[in-house]
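All remarks here apply to the structure that follows.
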Protein chains: 2
Amino acid sequence: MRCAAGGAEEGNEVNSMKKYGFGVDVGGTTCKIGLFETTGTLLEKWEIPTDTSENGKYILDNVAKALKEKMTEKQIASEEVQGIGIGIPGPVDGDGEVSVCVNLGWGHVAVAKELSGKMYGIPVKAANDANVAALGEMWQGGGKGYQDVVMVTLGTGVGGGIIVGGKIVAGAHGAGGEIGHITMNPHETEVCGCGRKGCLEQYSSATGLARLARQALAESHETTVLDDVAEITAKAVFDAYKAGDKVAAGVVDKFAAVLGRGLSIVSCVADPEIFVIGGGVSKAGQPLLDAVQKVFKAETFAACREAKFALATLGNDAGIYGCVRLILE
Amino acid sequence: MRCAAGGAEEGNEVNSMKKYGFGVDVGGTTCKIGLFETTGTLLEKWEIPTDTSENGKYILDNVAKALKEKMTEKQIASEEVQGIGIGIPGPVDGDGEVSVCVNLGWGHVAVAKELSGKMYGIPVKAANDANVAALGEMWQGGGKGYQDVVMVTLGTGVGGGIIVGGKIVAGAHGAGGEIGHITMNPHETEVCGCGRKGCLEQYSSATGLARLARQALAESHETTVLDDVAEITAKAVFDAYKAGDKVAAGVVDKFAAVLGRGLSIVSCVADPEIFVIGGGVSKAGQPLLDAVQKVFKAETFAACREAKFALATLGNDAGIYGCVRLILE
């Protein structure tokens, strides 16, 4: 060990060597992997299948194999890798451990520790996939430049991720940012996927939007282009909305009213600088943002009313970006 | 400057000297002040009037004077004080600055910097009063031993403070934890103090409980002990409830239903380990906790359902405790 005068210089040299990071976003079907420079540049991305056989016992081995192959191919030494971040589709505790992850067939898995052990001891951090996506959008996406971000993913369901001061709010039970299950309507009669009734995602997801549209069609006597659509999807509704269809406008208004009110509730808890909206439904773009923000501004507690709204920009790559951001903390 | 061998020892000596902290909870009428050991022991507390004349320009001078007098009396040197924490009844930014604080008559005041300047450069941190109260309850009160705490103050209104990983979620606009203004009922016709309609605090505060009771009395034909009560207060309702009065039971059920549902919403955002319930209404004690927790367990997203509930224990001292915890971060 060298000391004193040489120390600082050597430290800088060591840090500048740590120029790579890996992001691994584990899904139920595929694992997305990204090789990044720690500056935030994505150098390469690829996918491997997620092998959920035998309770997912091969998943981390397969990830380690893929990472090692890439390191060999690129001639990257383990000393050059600052860390590996991994996103898991289920709750992950602060030590990077999973108690149970139904989507992967896992019971208890010490993800961070096990993967590090398989990867020459390179530091590994693990977190929930929705939360790392939020972190990714904060770092290099729609929330770039902000530290207090709420990411809202409008897909089949409604996912969320809360970032406070640049850090994920994971929650004591791994359910931080589960905003899709905020009860918006205690009088709802249909049941949500979670077994409860009246959750935000019953209205403001792709599925929810189609459901609202089917209800409107059943109740409305107005002619609408949606009458001629083979299958009522979120896209069909937004296409009709953009074309000026009145029934579609009513549906989008209802969708935006529930979502705008839902986010006004979130702002009374977390008070973010910016909401970043992603997921399939967000492809509707600016008209969607405008409709939601209009309700939000009208219904939100005065102090939080000026929160900004932006579209997510990283798409399915948000997770791998966030995984790498995780190891830079 | 000494070096190497002697350094560590000297460092410990310096730290062990920093054994005191002051907590200052500034209210619109009085400032509560506490002298603490940094271990968490409250040595002495007292109050001084808050002089809001001339836009509150004397407030920090008066605080500094009171602190200096106490230091002289107790023969405490400034080197022995680790810091001063100050709670302000309004939004405070991350640098301890206030943009405007109506309750004190203040426009922009760099609270932390100014008070430190008046106090021999002793480090000062400032934060919102509801948030420091939450921090105090986490440190030495009902939430002791937990790091992810939501404090709910049921007083004239409903206040809140969110603690994640032991730190205050202040919010981008100083409105983190403003859970009293979550919209619970978009169909409400009466107006909340904030100018909107259907806020949690319209139902779950002392005022809200009395309002619900008056509504029940107007609608009910049942005999109730509340008929003979001169003034319908939260205390009168809970007294009648404990005595087995049916009308009061209906009112408390409604109160608990809204509050339980409100906290279930909060748990979908922040997912705390524990809710700590304080404020005047919390004097109703365990029966109140039981009623709220019953609704919470029935209505909350499965992952968060096991959150604990406890009563606040520090009362009006929570703020000064939290102020001192603030300077130990």
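Just so you know, all these numbers are worked out from the coordinates, no wet-lab data involved. Note that the structure is a prediction, hence the values are computed from the model and not measured. Cβ sites come from the backbone with ideal geometry, for glycine too, and all protein chains shown count toward neighbours.
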Given R₀ = 41 Å, what would the calculated FRET efficiency be for B:LYS65 paired with A:ARG305, taking r from the Cβ atoms and rounding to 0.05?
0.55
Between chains A and B there is a rotation axis; tell me the chain A residue with the nearest beta carbon and how many whole Å away it sits.
A:VAL269, 2
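Which of the GluC sites (Glu not before Pro) found in the range B:165-213 are in a DSSP loop and have at most 15 neighbouring Cβ atoms, other than their own, within 10 Å? Walk me through the numbers on the way to the answer.
Numbers: sites: B:GLU178, B:GLU188, B:GLU190, B:GLU201; in loops: B:GLU178, B:GLU188, B:GLU190.
Qualifying residues, ordered by number: B:GLU188, B:GLU190.
Within 10 Å of each Cβ of B:257-266, how many other protein chain Cβ atoms are there on average?
Values: counts 1, 1, 0, 0, 3, 3, 0, 4, 11, 6.
Taking all residues of B:257-266 together, the mean is 3.
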Which of A:THR224, B:THR153, A:THR30 comes first, and how do the rest follow, when ranked by fewest Cβ neighbours within 10 Å?
A:THR30, A:THR224, B:THR153
Cβ charges +1 (Lys, Arg) and -1 (Asp, Glu), total dipole of the protein assembly as shown, debye
0 debye
Three-way shape label, the protein assembly as shown, alpha-carbon gyration tensor, a/c 1.5
oblate
Ordered shortest first, which distances in nm separate the 7 Å Cα→C-beta label point of B:THR189 from those of the other copies?
2.6
Anchor B:LYS57: lysines whose Cα lies under 26 Å away (excluding residues fewer than 8 positions away in-chain):
B:LYS32, B:LYS45, B:LYS65, B:LYS68, B:LYS70, B:LYS113, B:LYS118, B:LYS125
State the dimensionless ratio Rg/Rh of the range A:145-313 (Rg: radius of gyration of Cα atoms; Rh: Kirkwood radius).
0.97
For the range A:47-130, average projected area of the Cα convex hull in nm²:
5.4 nm²
What order do you get for A:VAL225, B:VAL24, A:VAL100 when you list them from fewest to most C-beta neighbours inside 10 Å?
A:VAL100, A:VAL225, B:VAL24
Per-copy distances of the A:ALA249 label point, shortest first, in nm (7 angstrom along Cα→Cβ):
5.2
Every other copy gets compared here: list the nm distances from the A:LYS45 label point (7 Å along Cα to Cβ) to its counterparts, shortest first, one decimal.
5.3
Could you tally up the Lys pairs in the range A:145-313 with alpha carbons closer than 17 Å? Skip any pair fewer than 8 positions apart unless they're on separate chains.
11
Let me spell out the model: positive unit charges on the Cβ of Lys and Arg, negative unit charges on the Cβ of Asp and Glu, origin at the Cα centre of chain A. What dipole size does that give, in debye rounded to 20?
200 debye
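Dividing the Cα radius of gyration by the Kirkwood radius, what Rg/Rh value follows for the range A:242-329?
1.04
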Most exposed to least, judged by fewest other Cβ atoms within 10 Å, A:VAL251, B:VAL98 sort to B:VAL98, A:VAL251
Pick out which of A:GLY195, A:GLY23, A:GLY145 has the largest mean-square fluctuation in a Gaussian network model of chain A, springs linking Cα atoms closer than 10 Å.
A:GLY195
Estimated dipole of the range A:145-313 in Debye, rounded to 20 [Cβ of Lys and Arg +1, of Asp and Glu -1, Cα centre]
260 debye
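With a sphere of radius 15 Å drawn around the Cβ of B:GLY87, what net charge do the other residues whose Cβ falls strictly inside it have (Lys, Arg +1; Asp, Glu -1)?
Its environment carries a net charge of -4.
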Over the Cα atoms of chain B, Rg to Rh with Kirkwood Rh, two decimal places?
1.04
